[in-house]
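Remarks on the structure that follows.
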Number of protein chains: 2
Amino acid sequence: MSDKPEADTRLPSRRIADDLRASIERGELPPGGKLPSERDLASRYGTARNTAREAISILQSEGLVIAQHGRGVFVRPQTPLMRLGSNRYSRRLRSETGLSPFRIEVTKQGRVPKAECRSVTTEPPPADVADRLGIDPQTPVIRRENWYFADDEPVQVGVTYIPVDIAGDSPLASEKKLGKGSIYARFEDLGYPIARIREEISARMPNPEEMTGLAMPPGVPVIEVLHTSLDEQRKPFEVTRFVMRGDLNGLDYEMPIED
Amino acid sequence: MSDKPEADTRLPSRRIADDLRASIERGELPPGGKLPSERDLASRYGTARNTAREAISILQSEGLVIAQHGRGVFVRPQTPLMRLGSNRYSRRLRSETGLSPFRIEVTKQGRVPKAECRSVTTEPPPADVADRLGIDPQTPVIRRENWYFADDEPVQVGVTYIPVDIAGDSPLASEKKLGKGSIYARFEDLGYPIARIREEISARMPNPEEMTGLAMPPGVPVIEVLHTSLDEQRKPFEVTRFVMRGDLNGLDYEMPIED
DNA sequence: CAGTGGTCTAGACCACTCA
DNA sequence: GAGTGGTCTAGACCACTGT
């Protein structure tokens with residue numbers, strides 16, 4: 001009856017993927033819910049198991065589902081993003097709470113924050129960092145590598161580069177605790193109050209090291225932020241490269257229009 | 001002789017992927033260069049073709065290579081990113097050049113910019129947009145959909161939402177040309193000079209519509225920017241959601257530290 | 001036309017999880 | 001031990017690109 005039934009020209013793998021995606025979007029498969037097994041899908045659609053598997057890998061690359069060996073394939077639960085804001089650097093926030101914005105954000109989500117300085121070394125900086133610092137790429141600088149966790153899950157890494165003639169033998173150059181307030185309180189001690197920031201943002205897929213280091217599920221990009229701190233004379237005194245899991249982090253800037 | 005030769009415990013597909021990735025990183029396979037064919041790799045490594053194919057799909061999901069049907073698999077050439085900056089909204093830049101920052105950036109790269117307003121409608125906004133505008137999600141607003149191209153390649157989409165009581169029957173509410181200067185010149189005409197902006201940034205994999213609309217290669221994320229324009233009383237008067245190809249676009253903010 | 005990637009089949013064995 | 005995903009094989013046919 002009615003229209004002539006158009007043949008479904010879609011490939012079997014696409015058809016399975018489309019059906020599953022629709023189920024997810026309609027909410028029939030809720031976040032955290034379990035998809036049918038590969039063997040199940042294959043027999044239901046009358047295909048080989050590999051074809052059902054291909055369908056799932058499409059959804060995986062879209063970041064919609066996550067497979068767990070021996071358990072099943074699950075709809076990726078939507079964790080609310082941590083919103084790192086431009087107020088991250090606010091002096092008032094720093095002194096009022098005594099907490100870093102990272103700790104505030106994570107705590108707000110009911111998770112337990114942890115930050116850890118994994119290494120402090122002296123070495124020549126990458127070319128883009130040297131450029132932002134306005135120095136020669138051969139000149140060694142202090143390099144501090146920081147890891148940030150929520151409930152012991154790694155969520156971002158920050159690598160900070162500081163010219164040696166600025167850090168001197170201050171706490172910034174040593175592996176010991178930085179002391180009260182954030183790293184920017186130490187820069188202030190040294191006569192470099194933070195007055196302006198520049199943040200260059202890009203998104204890309206993680207490389208294998210980031211994939212394991214940040215325990216990234218497939219189908220999730222990273223956000224890379226190249227941060228530069230400027231003092232009142234607009235002189236750069238510190239550059240940090242942040243790499244963050246894109247499924248857990250976001251950015252939130254509010255700023256005046258200048259000119 | 002020497003050490004006992006440790007067995008290579010890596011899976012065949014990983015081994016092939018690792019070898020190819022190393023070749024790319026060493027520059028033996030330069031950007032734009034062609035990888036060996038799948039059948040080639042399979043026979044070289046003594047595996048089935050599917051295994052070589054799996055290796056390539058790993059590199060593809062890392063955004064390192066791009067496959068072209070009937071031609072081969074190629075190392076993804078690195079196009080320089082367009083850096084959209086906070087100066088995007090600068091009044092001075094607007095009046096000095098008469099060009100939008102998008103046009104300036106694309107032209108700087110030796111490509112031909114094109115912007116096109118694809119539709120202007122009136123409808124209820126998405127929940128997050130209504131929230132930023134401080135209005136009820138049921139209230140219809142003006143919706144303007146803009147597409148941006150470089151050399152006729154789509155690079156980003158922007159969907160702008162404007163409360164009806166602000167747009168009125170001004171050019172903002174019609175499909176006609178907006179006139180000299182950018183859209184912000186029109187808001188200024190209406191008594192809404194842009195004084196501050198808020199930009200909320202996230203990264204994710206494209207959904208199927210974005211994939212086709214922006215002609216996205218696999219293994220490339222999108223950057224989503226939820227932009228809010230505020231007037232001198234910090235009243236929001238416009239929200240735009242930008243979705244940009246992550247392999248062609250980046251952001252560049254410079255701002256003062258407030259407080 | 002030959003060569004390429006895209007999709008699929010029908011099996012197989014392994015590693016992991018959970019009752 | 002039953003059920004799950006992870007990997008692999010050895011084929012097949014198709015669609016697309018080049019000459």
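The values are calculated or read from the model by the stated rules, or taken from the named source; none is laboratory data. Treat the numbers as computed from the prediction; the structure is a model and nothing was measured. Backbone-built Cβ (ideal geometry, glycine too); neighbour counts: all protein chains shown. What goes into the accessible areas is simple: the full protein's heavy atoms, side chains included, and nothing from ligands, DNA or RNA. Shrake-Rupley method; radii C 1.70, N 1.55, O 1.52, S 1.80 Å.
Taken about its Cα centre, chain B carries a charge dipole of roughly 780 debye when the Cβ of each Lys and Arg holds +1 and the Cβ of each Asp and Glu holds -1.
For peptide B:72-85, the mean count of partner chain Cβ atoms within 10 Å of a residue's Cβ comes to 1. Charges were assigned to the Cβ only: +1 to each Lys and Arg, -1 to each Asp and Glu. The resulting dipole of the protein assembly as shown about its Cα centre is roughly 720 debye. With contacts taken as Cα pairs under 8 Å and at least 6 residues apart, chain A reaches a relative contact order of 17 percent.
Across the range A:170-178, rounded Karplus estimates of 3J(HN,Hα) from the backbone phi angles (6.51 cos²θ - 1.76 cosθ + 1.60, θ = phi - 60°) give 6, x, 4, 9, 10, 7, 5, 4, 7 Hz, Gly and Pro being marked x. Can you give the FRET efficiency to the nearest 0.05 for B:Ser23 and B:Ala185, using r as the Cβ-Cβ distance and R₀ = 60 Å? After rounding, the FRET efficiency stands at 0.70. Using every pair of distinct Cα positions in chain A, the Kirkwood expression returns a hydrodynamic radius of 21.4 angstrom.
Between the amide H of B:Gly72 and any residue lying 5 or more places away or on another chain, no distance stays under 5 Å, with hydrogens modeled in the peptide plane. In the range A:12-75, the portion of solvent-accessible area held by carbon and sulfur atoms comes to 45 percent [1.4 Å probe, whole percent, DNA, RNA and ligands not counted].
Tell me whether the protein assembly as shown comes out rounded, prolate or oblate; compute the Cα gyration tensor, take square roots of the eigenvalues as a ≥ b ≥ c, and use a/c under 1.5 as the rounded threshold. Note, shape of the protein assembly as shown comes out oblate. Split the accessible area of the range A:153-259 by element, probe 1.4 Å, and carbon with sulfur accounts for 53%. Entry note, chain B: the mean residue ellipticity at 222 nm calculated from DSSP H runs of n ≥ 4, each adding -39500 (n - 2.57), is -8000 deg cm²/dmol after division by the residues and rounding to the nearest 500. Remark: the range B:55-71, residue by residue, has Karplus-estimated 3J(HN,Hα) of 4, 5, 5, 5, 5, 5, 6, 8, x, 8, 10, 9, 8, 10, 3, x, 10 Hz, where x stands for each Gly or Pro and the curve is 6.51 cos²θ - 1.76 cosθ + 1.60 at θ = phi - 60°.
Comparing the full protein assembly with the isolated chain (1.4 Å probe, heavy atoms, ligands and nucleic acids excluded), the residues of the range B:235-259 losing at least 40 square angstrom of accessible area are B:Asp252, B:Tyr253, B:Glu254, B:Met255, B:Pro256, B:Ile257, B:Asp259. Here's the picture: charge each Lys and Arg Cβ at +1 and each Asp and Glu Cβ at -1 in the range A:38-145, and of A:Ala42, A:Gly110, A:Pro77 the one pushed furthest to the positive end of that dipole is A:Gly110.
With θ taken as phi - 60° and the Karplus curve 6.51 cos²θ - 1.76 cosθ + 1.60 applied, the whole-hertz 3J(HN,Hα) list for the range A:127-144 is 4, 5, 5, 4, 4, 5, 7, x, 10, 6, x, 7, 4, x, 9, 6, 10, 10 Hz, x standing for glycine and proline. With the simple model of a label 7 Å out from the Cα in the direction of the Cβ, A:Thr79 to B:Thr212 spans 3.3 nm.
If r is the Cβ-Cβ distance from A:Gln68 to A:Leu11 and R0 is 35 Å, what FRET efficiency results, to the nearest 0.05? Rounded to the nearest 0.05, the efficiency is 0.85.
Based on Cα atoms of the range B:76-115, Rg over Rh with Rh as the Kirkwood radius reads 1.02. For the peptide A:222-231, the mean number of other protein chain Cβ atoms found within 10 angstrom of a residue's Cβ is 2. Heavy-atom accessible area buried between chains A and B is around 3600 Å² (1.4 Å probe, both sides summed). Around the amide H of A:Ala203, modelled in the peptide plane, lie the amide H atoms of A:Glu224, all under 5 Å away and 5 or more residues distant in sequence or on another chain. Shielding of peptide A:203-212 by partners, expressed as the average count of other chain Cβ atoms within 10 Å per residue Cβ, is 5.
If only the Cβ of Lys and Arg carry +1 and only the Cβ of Asp and Glu carry -1, the dipole of the range B:109-259 around its Cα centre is close to 340 debye. Loop-located GluC sites (Glu not before Pro) in the range A:104-191 (DSSP state other than H, G, I, E, B) with a sparse environment of at most 13 neighbouring Cβ atoms within 10 Å: A:Glu175.
Between this copy and the others, label points of B:Ala48 are 0.7 nm apart in ascending order, each placed 7 angstrom from Cα in the Cβ direction. Summarising the amide proton neighbourhood of B:Glu258: residues at separation of 5 or more, or on other chains, whose placed amide H is nearer than 5 Å comprise an empty set. At a probe radius of 1.4 angstrom, the accessible area of the range B:12-75 per residue rounds to 55 square angstrom. Which pairs break 30 Å Cα to Cα here: A:Lys235/B:Lys235; A:Lys235/B:Lys114; A:Lys177/A:Lys235? A:Lys235/B:Lys235; A:Lys235/B:Lys114, as the Cα separations exceed 30 Å there. For the range B:35-104, GluC sites (Glu not before Pro) are listed when DSSP marks them as loop and at most 11 other Cβ atoms sit within 10 Å of their Cβ; the list is empty.
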